[in-house]
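The values are calculated or read from the model by the stated rules, or taken from the named source; none is laboratory data. Quick caveat, the model's predicted, so the values are computed rather than measured. Virtual Cβ from ideal backbone geometry, glycine too; neighbours counted across all protein chains shown. Please note that ligands, DNA and RNA were not included when accessible areas were found on the heavy atoms of the full protein model with its side chains. Shrake-Rupley method; radii C 1.70, N 1.55, O 1.52, S 1.80 Å.
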Amino acid sequence: KVCVMRHIPIFTFINKMDREARNPFDLMEEIEEELGIQTYPVNWPIGSGKEFKGVFDRKKREILAFTANNGQREVDSIAADLNDTNLEKLIGSEHYHTLVDDVELLDGAGYEFDMEKVNTGQLSPVFFGSALTNFGVEPFLENFLQMTTPPLSRNSDIGQISPFDEDF
């Protein structure tokens, strides 16, 4: 609430998708209600728990596939046109149809991505993943670095303080 009050950007990482999870629409609605800001899912989960297949990157239009292999996790990036029939074979028919419907709903009725709103704390980019398995963390950090500004100078009672000042 302090971030919202001071218009500080808020980035959201929804964790533990490799465990049974609530509906992603419900999770985003809760964030919007609790913080009073809009959300924009940068990626979208495909299933959860044992059925977690990965996430769909809405900008790149590709799937970041989640594969559990004897406790060792691997991450594969797969270019994915939602109209590609091979995608249905890859993630399963039920997950495929849910993904297509969800992305269509997000694209048609969700909030637009607006960098100005992100910078002023009115829109939170949302990412899904599993931090324990290091799944989705790297894309989150890459996007965070692209979307945020470098440290800025701040006013204080002794004047302007630069984060690049040697005494800082």
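For the chain, the 222 nm mean residue ellipticity estimated from helices alone, with every DSSP H stretch of n ≥ 4 adding -39500 (n - 2.57) and the total spread over all residues, rounds to -9500 deg cm²/dmol.
Only lysine pairs 8 or more places apart, or on different chains, with alpha-carbon atoms under 19 angstrom apart are counted in the chain, and they number 6. Length available on full extension from Gln160 to Leu82: 0.36 nm per residue minus the Cα-Cα distance, which gives 23.0 nm.
Dipole of the stretch 1-151 computed with +1 at Lys/Arg Cβ and -1 at Asp/Glu Cβ about the Cα centre; of His95, Phe127, Leu106, farthest Cα towards the positive end is Phe127.
The heavy atoms of Asp107 offer some 70 square angstrom of accessible surface to a 1.4 angstrom probe.
Computed with every protein chain present, the accessible area of Phe52 is close to 10 Å² [probe 1.4 Å].
Summing Lys, Arg as +1 and Asp, Glu as -1, what charge do residues with Cβ under 15 Å from the Cβ of Ser153 carry, Ser153 excluded? Charge balance in the 15 Å sphere: -3. For the stretch 19-67, the share of accessible area belonging to carbon and sulfur comes to 45 percent (1.4 Å probe, ligands and nucleic acids excluded). Per residue, the chain exposes 63 Å² of accessible surface when a 1.4 Å probe is rolled over the protein heavy atoms with every protein chain present. In this Cβ point-charge picture (+1 for Lys and Arg, -1 for Asp and Glu), the chain has a dipole of about 280 debye about its Cα centre.
Accessible surface for Lys60 stands near 120 Å², nearest 10, in the context of the full protein assembly shown (1.4 Å probe). With Cα atoms defining each centre, the stretch 112-168 and the stretch 1-55 are spaced 17 Å apart in the structure.
Between Thr149 and Arg22, the modelled label-to-label distance comes to 3.3 nm, taking each label 7 Å out from Cα in the direction of the beta carbon.
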